[in-house]
Structure formats: structure tokens, C-alpha cells
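Here is the structure we will look at, set down as C-alpha cells.
The values are calculated or read from the model by the stated rules, or taken from the named source; none is laboratory data. No experiment lies behind these values; they were computed from the predicted model shown. Virtual Cβ from ideal backbone geometry, glycine too; neighbours counted across all protein chains shown. Heads up: the accessible areas ignore ligands, DNA and RNA and are worked out on the full protein's heavy atoms, side chains in. Shrake-Rupley method; radii C 1.70, N 1.55, O 1.52, S 1.80 Å.
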Amino acid sequence: MTGWGRFQGYNIASLRRDIISGTIVGVIAIPLGMAFAIASGVKPEYGIYTTIVAGILISLFGGSKFQIGGPTGAFIPILFAIAMEYGYENLLIAGMMAGVILVLMGLFRLGVLIKFIPRPVTIGFTAGIAVIIFTGQIGNFLGLQGVKRHEAFIDNMKELGLHISTVNLYSVLTAVICFAVVILGLRFAPKVPGSLIGLLCATLVAALFFSGKVTTIGSAYGDIPNTLPSFHFPVITWERIRLLLRPAFVIAMLGAIESLLSAVVADGMSGSRHNSNRELVGQGIANIAAPLFGGIPATGAIARTATNIRSGAASPLSGIIHGVVVFLILLLFAPYASSIPLAAMAPILMVVAWNMSERKQFLKLLKLKTGDSLIMFITFLLTIFADLTVAVEAGLVLAVILFVKRMGETHLVAKVLPDPESVKVAAHMVTDSHDCPQVGIYNVEGPLFFGAAYRFGDTMPEPGPGKPKLIILRMGKVPFMDTTGEANLAELVKQLQADGGKLLISGIEPQPLELLKRTGLYDKIGVQQFFGHTGDAINAALAMIQTDRCAGCRHAAFRECAALAAVQEAPGRTGFKSHKPAIAGKLSSGI
């Protein structure tokens, strides 16, 4: 979808809808922006700055008509770890580098590659992030004192245990009030911004009855300024780039995944269609610009995007309005935000974690007890107990290994015998222990690649006395071959030629044929030994063996071998069966 195409048919009514939806989403985004920033280990105002700058730019330059961008819960573990290890200044640089990576991904049209990340991996790390967010708010919910945050999940759980005796009942009551309002709002008034109403109610109660008894944003982080920070370009050096390249890449990958998932959700809800590469470029521009104003990394926010659509948004202008609304609220009401209790922020993030946990999909996939279940569970555990980078890398590696194993199992190589039900020959001549030993016919099915090549090698006969001199490979059902498969085929050709034999190939597909030509194996086998149909290959085999005795047959010459002769006389008939009864049906067609 082109930039101006997203405004096709725009009118006054559309503008009214965008103003309403943009205002609603802007109001919702304020508490979320502050909460995500605090959970990420930075000051709450940085979440607001991100919402304003990134939110406007994502709507302006992105490829989704209704996408709402800003800080999201998925980034919390990554950003907190980077802030803890490298500091806030380096977090900004990592965000800018991630923006550059996203722009390059969009320009090189790599948006489609994100769709190939296996679903078990995304469910696993999303559920893991949800657990980290939820448990990370227990301290604020209970009002625990002296709790230090660590990168490691186990260390954070130990901190909660060590300080559990410092529970503040006033904080608990404040959190419960906010939580109750949010839950009731979601159930009975889903269009009302429950998180904001809950935050206001809890803050009002705390100010009237618990003043000075609960920790607030102001007491923990200082007052929130009511202006955007001045433009600041961080000092970037090659050493910093080298140091932050891996964190930046992780931010970019997660940002790409989250934004495109959100865009797909928006497409499903609205019937529109996003441009994935343009969306990546828009996300990249936003993440390059936001750090210049103190903002943290941003991406498409699924919940806010869905709210935007349900509120009647008509165009990307609603996303721009949402950023403007947040800016106006910052100018007018920032001083009051300092009175918000941290205990009131905790339930909001807990609800976010619950909603993003993919719990239904997680349990459904876990009950299947398949390889996908294992991938998801390992990704989930590593996200919690290691970090997101390790989890995604391990999940992808396991997914590739599982895919290779599955593809290898679909590869079948079976010797083919004349079928007594298809040709008029005596049954005793076509038993498994009695077939013409001078020609071996083998049916190959499935991709011949490194994960299945061993099955090919194990099935092929070793040249020697009493072994077939001529091998016919039926390769009409081999859609793909890689260099490992080609090497196995080359080894067979080498062994046959050393023993005075030949390889004949029938029905080969374009990709394997092209590979054989490029590697030179095609010429080594011989152009005259490639055939379009198995019947032609049999005719050629019969012509190659003139008067040799056919050991094991009751006739004097190979040409007189009843089974093969019958097939030769009736080329349109099936005429073959497999040594393996399980796949005989597959092998009895397509000569």
C-alpha cells in the first residue's frame, strides 16, 4: 500500500473518526508508556517521549494503515538488560543502530523472511517475556522495600524472597484498587480506557488516604518535565558500534517480528493489507529518531493497534493524532503524573503480561507433545532463565533440526519389481527373492538433500559379484537436490563405472537436472542415459544386455525375461511394485 493510497476516499467523516480514535489511543498510551519505561529500567518520561516521536513517525512512514507504534512489553527484558550492562546512553545508541538495521531490512525487501520464524518459537519467547514482566511487578504490587533488580530471573526471585517481610499493606490496597477497576473495565466497558481509569482511581485514593505511605513516581524518579527534551545526538564511536551490534540486532529482530505481527492482526481486523517492507522502513526511521529525543526503542503495539481499529480509525492520521494527544497531555498534566503510585502501575503491566502470554496457544501446543511442543518449551525456559537472544537462537536451531529430520523421513528409496497383477507373467518370477539381477530399478521420492542422503546411500546396492550392472533411478518425485545428495549420486556412479556398470535416470525434475549439469555429473553419467520415462530407460537397458545369461531367471537371454519383456510390450501399463509393501501403491503409478 503506497503512502497516499492509505488516504484514498478520505473525507470529513473520516477525519472525525481519526480524531476520536487517536484521542482514545493517546489517553491509553500514556500510562503504558510510563509503565514500560519504568520496567525497562529508565525514567518514566522516556516512555512518553517514545510514544510521541516514534508513534507519529511509525504512522507517517510505516506500511500499515492502522498501526500504532510506541514502547511495548516485549522489549522490557531486552532493554532492561542493555540498560543494566551498558547504561542509558548506550541503550539509545543500540536503539538507533536497530533503526538502521530495520531500514536496511526494508530496503532489501527482507520483510517476508520474518514470516518464516516458526510459530512455536514466537509463542515460546512471548510467553517467557510475559512471565518476566508479571514477576517483575510483584515487588511494586506488594510495596517491597530495598529490592534490587537483576538481569537474571532467579536472582530477582531471590530478592523478592529476601524482602518479603517488607510488604506495605497500603501499596497492596492501592494495587488492588487499580487492578479491580482495570478488570471490571475490560469486562463491562471494553471501550473505556480501563488502565487510565484504574490509574486515576488508585492515585486519588492513595493521595487522599495513603499520602506519604506509598512510593510514587515522583519519590522514586523525580518530577516529570512537561516538555520534550532538547535534541541530543549521542557520541557514536566504532568501539561502541562493535560493542552494541549484537544487542542492536536483537532489538531490530524483535521489533520487526512484533511490528509485522501487529500489522497482520490489523489486516485481519480491518480487511486492509499492509506493506511489510515499508513497515520495516517506517519502524527503522522511528527508532533512529526517537533516541535523539531520549526515547527508547519502539515497535508496533498490538493492543493499541486493535483499540485504534475498534475505535473507528479511518487512516494513519489516527496514529499521528495519538502522538499529538500524548504531547498535549505531557505539556498540561505532567506535574500531576509525579503523584502516581508505583503500586498502581504494577497491575497495569500484570494485565499486559497476561494478555500477551499466548496462554491458550501455549497450552494447546504443549498438549500435542510433538517436536513443536519441545521447541516452544525450550524457547520459553531459555527466555526466562537465560535471555531472549539465546532463546530465539536455540529455538531456531531446534526448528531447523526438526525440519531436516522430518524432511529426511519423507525421503523414500525402494527397489522396484515387476508387478504380477499388472503384467502377464507367472507369479514365481516376480517374488522378492527372484528378480533379474542384472538390472536394478529404484524409485526415489522426496528431496535428496543432506538430511535424507544417508537413506539413499543405505538403500543403493554395493557393486560386486551378483549385483546389478545397470541401475535405473526413477527420479520423477525428487523435487529438490542439494550438493550432498549430488555427492551421494556421484559416489554411486563412480562405484558402478568401476565395476563396469551404468546408471540410467528417468523422469528427473528441472532443479536436480540443473544441479547435475552445473557440477559436471550430468556429462559424467552421459546425456544418452537420461530418459523422460521409465519405459524408455528399460528399453535402453534391454539393448545394453544382448545375450548375457540372466542368473536367477529361467530363460536364456535377458531380453526374454518375461517380466521386463511384458512391460516393454505394454509401456502404458503400470508394471512395477516395491519391495516395501507400505509404499507399493505409490510405486505402481507414473511409469
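Data for the structure
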quantity	calculated
Amide H within-cut-off set for G440, under 5 Å, with H built and near neighbours excluded	L470, I471, I472
Tilt relative to the chain, helix 388-410 - C-alpha long axis, 0 to 90 degrees, to 10	20 degrees
Size-normalised alpha-carbon gyration radius of region 362-412, reference 2.2 N^0.38 Å	1.24
A13/K367 FRET efficiency (R0 51 Å; Cβ-Cβ; nearest 0.05)	0.60
Probe 1.4 Å - accessible area at K364, Å² to nearest ten	130 Å²
Relative frequency of Cα-Cα separations exceeding 19 Å in region 87-215, percent	69 percent
Degrees separating the helix 169-188 axis from the principal Cα axis of the chain, which is the longest one	60 degrees
Flagged links, alpha-carbon separation over 27 Å, of K369/K405; K43/K148; K43/K115; K369/K477	K43/K115; K369/K477
Per residue accessible area of the chain, 1.4 Å probe, in Å²	45 Å²
Cα convex hull of the chain, projected area averaged across orientations, nm²	34.9 nm²
Estimated dipole of the chain in Debye, rounded to 20 [Cβ of Lys and Arg +1, of Asp and Glu -1, Cα centre]	1000 debye
For R273, net neighbour charge (Lys/Arg +1, Asp/Glu -1) across residues whose Cβ lies under 9 Å away	0
10 Å-binned pair-distance histogram of region 182-295 (Cα, whole percent)	10, 21, 27, 28, 13, 1
Intensity falloff of region 6-133 expressed as log10 I(q)/I(0), Debye formula with alpha-carbon point scatterers, at q = 0.19 Å⁻¹	-1.29
Area accessible to solvent at V390, 1.4 Å probe radius, in Å²	50 Å²
Around G111: net Lys/Arg minus Asp/Glu count, Cβ-Cβ under 11 Å	+2
Fraction of alpha-carbon pairs over 14 Å apart in region 297-379 - percent	78 percent
Cα-based helix-to-principal-axis angle, 238-270 vs the chain, degrees rounded to 10	90 degrees
14 Å beta-carbon shell around R304, net charge (K/R +1, D/E -1)	+1
Portion, in percent, of the accessible area of the chain that falls on carbon or sulfur, probe 1.4 Å	64 percent
